[in-house]
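So the structure is just underneath, and the comments pick up after that.
Any read-out appearing in this document is the output of simple, stated calculations on the displayed coordinates, not a laboratory observation. For clarity, every value in this text was computed on a predicted model and none was experimentally measured. Virtual Cβ from ideal backbone geometry, glycine too; neighbours counted across all protein chains shown.
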Amino acid sequence: MVVVGEGERMTSAQLPEGSGSGRLPERAGRGRRRADAAPTGLPPGERPLPVPRTESHDSLDIVPPIHEPGGFPVDSSVPDRQQCWDMLGAGVRDRLLAKAGTVVEWWARLDHDRRPRATVFGSHGLCQATSVIRNGKRVYLVERLQLEPGAMTRQTFGGASAKSRPSFADRVLRRTPPESRPRPPLPGAQPRLPGAQPPLPSTHPLDLDDDTLGILGNFPADVQEFLQRPFLRDDRRVVADWYYYETVEFAHQRVFVVFCLSADRHVTVASATRILPRGRSLQRAQWEIECCHAPVRRT
């Protein structure tokens, strides 16, 4: 037996396990990735969710760090996300889609045991199917992190890579010449007087491993800020998951990447395509990025 979603139960026969490929998994955040053709889109019958857009920024007393790009190393010998999705079997896929609601983004890959796992981000929640052992049998566990209904927001980004334009926080700081910018107060200093300049914002790094920070660092600076900012104050135990693959064409290299952060209070997701013309530096890469933020439902 396997627990599916919120206390429902289905037998392993109802949730068939897909056949393994015998190939090594891709590297990814807690998982793997590969070089492959252009993305095939959502699972059959699903359409993207139209969600409202937002252009707001929080206060700058705490800002996320901007990370160095780690590149997109690929392994062309492993299945892509569509192949891994198909390996799950119809029962698992149906449960994932039912729990997620209207699909915004999805990804699938092999885990460290060479078994398929999949994640679907939808209007009802962030849902994941993983292979587990229950009562001596291998079954699929389908779990959902529920989202606040109607609270999802979206923002689009495009243009140059991370190194070629400053972050929002950096742009604000650069409005003031360096020699006249306020310095952080010394330990034990008196509170600043009314009308005095505010202190410089402090950075707050998330507890993520080096591989994950390298993937996050590939994104433009304003996208890195969008993904990290909701977790800076009181959200802890941030979990990262990501998937990408590369297509090398005649005139350019194309990388499709999905990056997700989730914790007790928030979920952020970026779905992006990076196009790099042949013979150009990474600073000349062009991005098309759609980011989503959704608060986790509080019960």
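For this structure, a couple of remarks:
- Among the residues making up segment 123-139, those that are surrounded by fewer than 18 Cβ atoms within 10 Å (Cβ to Cβ) and either more than 21 Å from GLU105 (Cα to Cα) or among the acidic types (Asp, Glu) (or both) are VAL132, ILE133, ARG134, ASN135, GLY136, LYS137, ARG138.
- Number of positions in segment 274-298 that are touching a residue at least 40 places away in the same chain (Cβ under 8 Å) and either surrounded by fewer than 19 Cβ atoms within 10 Å (Cβ to Cβ) or assigned to a strand (DSSP E or B) (or both): 17
- Here GLU249 clears all of (1) without any contact (Cβ under 8 Å) to a residue 40 or more places away in the chain; (2) among the charged types (D, E, K, R); (3) surrounded by 15 or more Cβ atoms within 10 Å (Cβ to Cβ) except the condition numbered (3).
- Filtered by the rule that a residue be out of contact with any His (no Cβ under 9 Å at 6 or more places or on another chain) and either in a strand (DSSP E or B) or surrounded by 20 or more Cβ atoms within 10 Å (Cβ to Cβ) (or both), segment 222-246 gives ASP222, VAL223, VAL239, ALA240, ASP241, TRP242, TYR243, TYR244, TYR245, GLU246.
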